[in-house]
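A quick write-up on the structure given underneath.
The values are calculated or read from the model by the stated rules, or taken from the named source; none is laboratory data. Predicted, not measured: the structure shown is a model, and the values here were computed from it. Glycine gets a Cβ as well: all are built from the backbone with ideal geometry, and neighbour counts include every protein chain shown.
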Amino acid sequence: MTQADPKISTHLIHHAYQAPADFAGPQPAVHKASTVFFENVQAMRQRRWLDKSSYTYGLHGTPTTYILEERLATLEGGQQCLLVPSGLAAIATVSLALLRTGDEVLIPDNVYGPNKTLAEGELAHFGISHQYYDPMNLEDLAAKITPLTKLVWLEAPGSVTMEFPDLIAQVRLCRDKGVTTVLDNTWGAGLAFSAFDLLGDGSLGVDVSAHALTKYPSGGGDVLMGSIVTRSQPLHMRIKLAHMRLGLGVGANDAEAVLRSLPSIGLRYHAQDRAARQLAQWLGTQAAVAQVLHPAMAEAPGHAHWKQLCASEQNPGGVAAGLFSVVIDAGFDQAAVDCFCDSLRLFKLGYSWGGPVSLVVPYELHSMRSCATPQIRPGTVVRLAIGLEDVADLQADLAQAMAKAFG
């Protein structure tokens, strides 16, 4: 047959050669498919994808995504995992799957901001009410749980201001009230503590863990993805069917990127933790800094709760992520704070965290909170996400920017 043969395209598409199956390498193969082939009509009718025993359509899973889901379930100590296109998609999928018209959801006041806007927008449009509770006041949470409350969101530590709540007491309260709990576990990443086994004896844990894989599991600042991990099969199936009806899926190359990064997540997480602590301690000595918000520091809001959950006899220093905030003294105006951020050379202005490049973002706290924040001193909050640069270089960068902005 020659290239001129008009049947060549058919032969190239329906080529008889199949590569042998017994290949193994360090990384799982990347399977890309929308269409999945069936041997015959009977096989098409009998295949099931809900239990991952087979494949029916690319949106419902391929070997690549099944492998990633199983490894992420192991990372977080769960039994089942679903992949979604982003961390926010994980939040939205859980709320849409578990809430109905007339239900109420409780959200910590220091939660990841888009979780609030989802409640104020789409959930409200669907007739689902919400309340914000003070995550540092267990009595406030208890008082706001009513017969309408079907879901309580948890976050440890809180977004931007990094308060660490009494997560054990919160989960115990919700369990006693019969309310489902969902933890945004992006900061913990399955490494700082076990969300499904908070006491270490299997007796207490959250019901669902939502995780922005965009951060530490990806590690490159170049992949958007999220996961939803559970231990309860019935709860998993409720979310999985909603996941299917919403048509959510992830790209094979993105799944490949996360699979490639997962083996190094522990090394990166702990390295960024060490660097963040060193920089947080140094910043605490600077005159322009009124407060350092890092849960591993003794004076930080909720430090005792962090220590209870993230430290142990084997590791008394505990585990924390490479993320913290500082409060710039109220004596410096917004222009000075902006000058500080703009003067940084290694730190880049940008959202997200967990990647190799250090990031900085200034925040206007008054526009983000409904509850009072007496635990935060007056001033402007600046969040720092520590990457993988040399810590001495990062400290020098902070020093020169502070000298320029704050004299």
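Residue-wise test of (1) buried (at least 23 other Cβ atoms within 10 Å of the Cβ); (2) farther than 25 Å from Leu72 by Cα; (3) under 18 Å from the mean Cα position of the chain (by Cα); (4) assigned by TED's automatic domain parsing to the domain that holds Met368.
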residue: Glu155; (1), (2), (3), (4): yes, no, yes, no
residue: Gly158; (1), (2), (3), (4): yes, no, yes, no
residue: Thr161; (1), (2), (3), (4): yes, yes, yes, no
residue: Val182; (1), (2), (3), (4): yes, no, yes, no
residue: Thr186; (1), (2), (3), (4): yes, no, yes, no
residue: Leu191; (1), (2), (3), (4): no, no, yes, no
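Taking into account only those residues within the stretch 370-383 that are over 18 Å from Thr214 (Cβ atoms) and buried (at least 16 other Cβ atoms within 10 Å of the Cβ), which is modelled with the lowest pLDDT? Can you show your working first?
Quick first cut of the stretch 370-383, residues over 18 Å from Thr214 (Cβ atoms) only: 370-382.
Right, trim to buried (at least 16 other Cβ atoms within 10 Å of the Cβ) and you get 373, 376, 379-382.
Numbers: Thr373: 91, Ile376: 95, Gly379: 97, Thr380: 97, Val381: 98, Val382: 98.
Once the filter is applied, the top-ranked residue is Thr373.
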For the stretch 10-31, enumerate the residues that are under 22 Å from Tyr57 (Cβ atoms) and under 31 Å from the mean Cα position of the chain (by Cα). Pro28, Ala29, Val30, His31
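Go through Ala189, Ala210, Ala195, Ala169 for me and flag whichever is outside any loop (DSSP other than H, G, I, E, B) and either hydroxyl-bearing (Ser, Thr, Tyr) or over 26 Å from Pro374 (Cβ atoms) (or both). Walk me through how you get there before you give the answer.
Working: Ala189 fails: outside any loop (DSSP other than H, G, I, E, B); Ala195 fails: outside any loop (DSSP other than H, G, I, E, B); Ala169 fails: either hydroxyl-bearing (Ser, Thr, Tyr) or over 26 Å from Pro374 (Cβ atoms) (or both).
Checking each option against the conditions leaves just Ala210.
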Please count how many residues of the stretch 243-253 are part of a helix (DSSP H, G or I) and under 20 Å from Gln80 (Cβ atoms). 3
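Give me the residue from the stretch 355-369 that is part of a loop (DSSP other than H, G, I, E, B) and modelled with pLDDT of 95 or more and, out of that set, surrounded by the most Cβ atoms within 10 Å (Cβ to Cβ). If you could, list the steps in order and put the result at the bottom.
If we filter the stretch 355-369 for residues that are part of a loop (DSSP other than H, G, I, E, B), which is where we start, we get 355-358, 364, 368-369.
This time we only want the ones that are modelled with pLDDT of 95 or more, so: 355-358.
Details: Gly355: 23, Pro356: 13, Val357: 16, Ser358: 27.
Checking each candidate, the answer is Ser358.
Of all residues in the stretch 151-176, count the ones that are of a type in the set (D, E, K, R) and in contact (Cβ under 8 Å) with a residue 60 or more places away in the chain.
Taking the stretch 151-176 first, the residues of a type in the set (D, E, K, R) are 155, 163, 166, 172, 175-176.
Filter once more, so that each one left must be in contact (Cβ under 8 Å) with a residue 60 or more places away in the chain: 163, 166.
The total comes to 2.
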Which of the residues spanning the stretch 130-171 are more than 10 Å from Leu106 (Cβ to Cβ) and hydroxyl-bearing (Ser, Thr, Tyr)? Ser159, Thr161
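Going by the structure shown, is Leu388 out of contact with any Leu (no Cβ under 8 Å at 6 or more places or on another chain), modelled with pLDDT of 95 or more and not in a helix (DSSP H, G or I)?
Details: out of contact with any Leu (no Cβ under 8 Å at 6 or more places or on another chain): yes; modelled with pLDDT of 95 or more: yes; not in a helix (DSSP H, G or I): yes.
Answer is yes for this residue.
Out of the residues in the stretch 319-354 meeting the condition of being part of a helix (DSSP H, G or I) and of a type in the set (D, E, K, R), tell me which one is farthest from Gly387 (Cα to Cα). Working first, answer last.
Step one: list which residues in the stretch 319-354 are part of a helix (DSSP H, G or I), which gives 334-343.
Within this subset, residues satisfying the condition of being of a type in the set (D, E, K, R) are 338, 342.
On the way: Asp338: 21, Asp342: 18 Å.
Step by step, filter the stretch 319-354, then rank; the result is Asp338.
Can you confirm whether Met244 is surrounded by fewer than 20 Cβ atoms within 10 Å (Cβ to Cβ) and free of Cβ contacts under 8 Å to residues at least 60 places away in the same chain? Let's see the steps before the verdict.
On the way: surrounded by fewer than 20 Cβ atoms within 10 Å (Cβ to Cβ): yes; free of Cβ contacts under 8 Å to residues at least 60 places away in the same chain: no.
Criteria not met by Met244.
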Quick one: what pairs do we get from the stretch 90-107, first residue more than 14 Å from His236 (Cα to Cα), second part of a helix (DSSP H, G or I) and among the polar types (S, T, N, Q), C-beta under 7 Å, 6+ apart or different chains? Ile91/Asn115; Val105/Ser95; Ile107/Asn115
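Quick one: which of Arg377, Arg383 is charged (D, E, K, R), closer than 18 Å to Glu163 by Cα and either in the same structural domain as Tyr133 (by TED's automatic domain parsing) or within 21 Å of the chain's Cα centre (by Cα) (or both)?
Values: Arg377 fails: either in the same structural domain as Tyr133 (by TED's automatic domain parsing) or within 21 Å of the chain's Cα centre (by Cα) (or both).
One residue alone meets the criteria, Arg383.
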Against the definition (at pLDDT 95 or above, surrounded by fewer than 20 Cβ atoms within 10 Å (Cβ to Cβ), within 21 Å of Gly113 (Cα to Cα) and not hydrophobic (A, V, I, L, M, F, W, C)), how does Asp201 come out, yes or no? no
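Say we look at the stretch 252-271 and pick out the residues that are closer than 18 Å to Ala89 by Cα and touching a residue at least 60 places away in the same chain (Cβ under 8 Å); which of these is surrounded by the most Cβ atoms within 10 Å (Cβ to Cβ)?
First pass over the stretch 252-271, keeping only residues closer than 18 Å to Ala89 by Cα: 252, 254-255, 258.
So of that shortlist, the ones also touching a residue at least 60 places away in the same chain (Cβ under 8 Å) come out as 252, 255, 258.
Numbers: Ala252: 19, Ala255: 26, Val258: 23.
Among residues in the stretch 252-271 that are closer than 18 Å to Ala89 by Cα and touching a residue at least 60 places away in the same chain (Cβ under 8 Å), the one surrounded by the most Cβ atoms within 10 Å (Cβ to Cβ) is Ala255.
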Quick one: which of Leu309, Leu323 is at pLDDT 95 or above, in contact with a His (Cβ under 9 Å, 6 or more places away or on another chain) and not basic (Lys, Arg)? Leu323
Residue check, Asp338 closer than 23 Å to Tyr216 by Cβ, surrounded by fewer than 19 Cβ atoms within 10 Å (Cβ to Cβ) and more than 23 Å from the chain's Cα centre (by Cα): no
Go through the residues of the stretch 142-157 one by one and say whether even a single one is in contact with a helix residue (DSSP H, G or I) (Cβ under 9 Å, 6 or more places away or on another chain), of a type in the set (Gly, Ala, Ser) and farther than 28 Å from Ser264 by Cβ. yes
State whether one or more residues within the stretch 279-293 are of a type in the set (S, T, N, Q), assigned to a loop (DSSP other than H, G, I, E, B) and assigned by TED's automatic domain parsing to the domain that holds Ile91. no
